[in-house]
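Here the structure comes first, spelled out in C-alpha cells, and everything after it is commentary.
The values are calculated or read from the model by the stated rules, or taken from the named source; none is laboratory data. These numbers were taken from a predicted model, which means no experiment stands behind them. A quick note on method: Cβ atoms are made from the backbone with ideal geometry, for glycine too, and the neighbour counts reach across all protein chains shown.
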Amino acid sequence: MAVISSAAPLDVITSPTELLSLNDASDIVVSTIEWSPLHDIVARRKAFAPLSAYLAAVAVTYVPLLLTALVSPSPLIARSSTLRLPFLDDWNVAFMFLVSFPSLMVLLITDDSALRDALHRVQQDGVVVIDGERAVALISKWQRRFRIINVVGYGTGLVAGAVIAYLNYVAYAPPSVGYWIAARGRLLLSGDVFLWCVFLFYGFIPLVVCRTIGISMLLRDIVSISTLRLLPFHPDRCGGLKPVGRLGLRTQYALSVFGINLLSLVAISLWALSVPRLLYALMIAAAIAYTIVGPVVFMGPLLPFRSGMLRTKAELMGEVAQRLRVELLRLRQQLRSGPITKDDEELIERLRKLCAVIDELPVWPFDASTLRRFVTAYVLPILGAISYPLGNAILNGVEHVLGRS
C-alpha cells in the first residue's frame, strides 16, 4: 500500500507546483499477504496472471470431477428411476467450478494488488496524504494484523468447508434424491471428488470475507490519520477517489456470480431432484447471506472515505465561511468611512465562487456509473430468484385456465 509522507497546509490542491511536489513523494508499502500460502505462491510466481489462476482453479476441481465421472458406473446423461440428475445434466456444478470458483480465486489472489493500485493512484494524485511517522506506525500495526486475519480466514475456511461438504453428503447421498454422486446409497469416487470440490469452494469464502473486512478496517485507519485533499474538477467526478470506489465493485461482481450459482442450484434442485429439507435450509441460508453480504462488501471499503470526505468538505466550507465573515465585517466598517472598491467586490465574488466549488465536492468515492453497476450486479440474481417462482405461477395459472376451457 502506498502512502505519501509529505503534507501541505491546504486541503484542496490549488497549484500545479504543489501537486507535482506531492507526486514526487516516496511510496511506503504495507503487505496484506503475509502468512497466506495462496498469496505466497502467487508472489513467488511473477507471471501468475488471472488467466493462470482460472486454469489452476478448474484443474483442481472440474477436471478431476469430469475424469472420475467418465469412469463412474453412473451414466453421464441417461436418466433412470434411481438417477434423476446425471453428471452432464448438472449445469449447476458446471457453473460452480467453471465460473464461480475460478472467479473467487481470481478475486482472492488480486485483492492485494487491487488495493495497492487504488491507494497508489489516489496518493500520487495528492488526494490522500499521510505523515511519514504515522505511516510507519500504520505499516507495523497492519502487517501484524493481516497475519492474524489470514490465519483466522484459513482456519475458519477449513471448518466451514468441512461442515458444508458434510451437509452436502447428507443431502445428496440418499437413494431417494437420485443425484449422480451416489449409487444405491453409497458414495462413488466422483462423489468423493465432488465433496472435495465443495470443500475448496466454501473453504475459501471465509478467507475472502475476512480479508475484505480487514481491508475495510485498514482503509478506515488510513482515513483517520490522513488528510484528504479532494480535487474539485477531477475527471472521475469523485474528487480523485474513484479508484477506491472500485474496490467494493469488484468484490460485488464475484458475489453476483455466487448469487447466480445459488439461483441455478435452486432451479435444478426443484426441476430434477427430490429435494430433502436439509437442502432447502442450505438454499435459504445462502440466499439470506447473499442479501446481507452484498451491500456490506460494496459499502465496507467506501464508508471510511465517505466520513473523511464529509469531514473535509465541512472543514473547507467552514474556513471559507470564516474568511467571508471577516471580509463582510471589514466592509461594514468601511461603509461608514468611504465607498467599497472594485477590489473588495472581486474578493467577495471570488469567495462566493470558492464556496460554490466546495459545495459541489462529492461525498462518496464513486460516481453514478459505479453505483449503477453495483445495483445491476446485486439485483440480477435477486430478480432471477423472484422470476422463477413467479413464472411458474403464471404458467400454472395459464394451464389451469386452458384446462377449464
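Of note:
- Any hit, the range 134-143, residues being part of a helix (DSSP H, G or I) and among the aromatic types (Phe, Trp, Tyr): yes
- Tally of residues being touching a helix residue (DSSP H, G or I) at 6+ places or on another chain (Cβ under 7 Å), within 15 Å of Val208 (Cα to Cα) and polar (S, T, N, Q) across the range 131-179: 1
- Of all residues in the range 331-358, those that are under 30 Å from Leu228 (Cβ atoms) have Cβ atoms under 9 Å from Cβ atoms of residues that are exposed (fewer than 10 other Cβ atoms within 10 Å of the Cβ), 6 or more apart or on another chain, in Val357/Phe233.
- Among the residues making up the range 116-133, a single one is farther than 22 Å from Gly248 by Cβ, in a helix (DSSP H, G or I) and touching a residue at least 24 places away in the same chain (Cβ under 8 Å): Gly132.
- Residues of the range 163-191 that turn out to be without any contact (Cβ under 8 Å) to a residue 40 or more places away in the chain and among the charged types (D, E, K, R), as a count: 1
- Pair list, Cβ under 8 Å, 6 or more apart: the range 314-328 residue under 15 Å from Leu228 (Cα atoms), other residue assigned to a helix (DSSP H, G or I): Leu316/Ile358; Met317/Cys355; Met317/Ile358; Met317/Asp359
- Scanning the range 33-89 for residues that are among the small types (Gly, Ala, Ser) and not in a loop (DSSP other than H, G, I, E, B) yields Ala43, Ser52, Ala53, Ala56, Ala57, Ala59, Ala69.
- Residue among Ser264, Ser216 that alone is more than 30 Å from Ser72 (Cα to Cα), hydroxyl-bearing (Ser, Thr, Tyr) and buried (at least 19 other Cβ atoms within 10 Å of the Cβ): Ser216
Conditions (1) more than 17 Å from the chain's Cα centre (by Cα); (2) within 12 Å of Trp180 (Cβ to Cβ); (3) in the same structural domain as Val223 (by TED's automatic domain parsing), marked per residue:
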site: Ser72; (1), (2), (3): yes, yes, yes
site: Asp90; (1), (2), (3): yes, yes, yes
site: Ser103; (1), (2), (3): no, no, yes
site: Val106; (1), (2), (3): no, no, yes
site: Asp112; (1), (2), (3): no, no, yes
site: Arg121; (1), (2), (3): yes, no, yes
site: Arg147; (1), (2), (3): yes, no, yes
